[in-house]
Amino acid sequence: MNPDTTDLATRLAERAAGAWQEEAAVWLITHHGHWLPELERTGLIHDDDGRSRIAWRQVASTCLSAGDGPLTGTPVEWQVLRLACLLTGRHALSLANLSLLDEPTKRMGLHAVAWASGGRTWADSLSLLAA
């Protein structure tokens, strides 16, 4: 991750702190790698007084028409973004085709779901991620 992306990820995590669903969603897109720079490139990350936030409702709308908007990604990358939107608890999106995800990405997704439902400590205790 380049320094600018690392700084952005830190600001997003700080903004999400205390909201497990948002923490998990930010963690997922940050650690997956594709979406953080893509969301920044398309203006779907906003800065308010030095604190960054993702425009989740706009992102979810874009997910409904995957490939027809400014965001670009593979089918697998779109599934990761859909899952991140779902984790925020504000969006009902189809998770069809989760079978497209490879094993490490499925584990990341499961970790994020566990985090969203029980917090990071609980998700870490499940040891879903490869060491």
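Shape of region 4-53 from its Cα gyration tensor (a ≥ b ≥ c, root eigenvalues): rounded if a/c is under 1.5, otherwise prolate when a/b > b/c, or oblate? Oblate. Of the residues Ser61, Thr121, Pro37, the one whose Cα sits farthest towards the positive end of the charge dipole of region 34-131 is Thr121 (charges of +1 on Lys and Arg Cβ, -1 on Asp and Glu Cβ, taken about the Cα centre). For region 73-90, the residues whose backbone nitrogen is under 19 Å from a point 7 Å from the Cα of Lys106, taken along Cα to Cβ, are 75-84.
No lab work stands behind these numbers, since they all come straight from the coordinates. Given the structure is predicted, the values throughout are model-derived calculations rather than measurements. Counting neighbours? That spans all protein chains shown, and the Cβs are built from the backbone with ideal geometry, glycine included.
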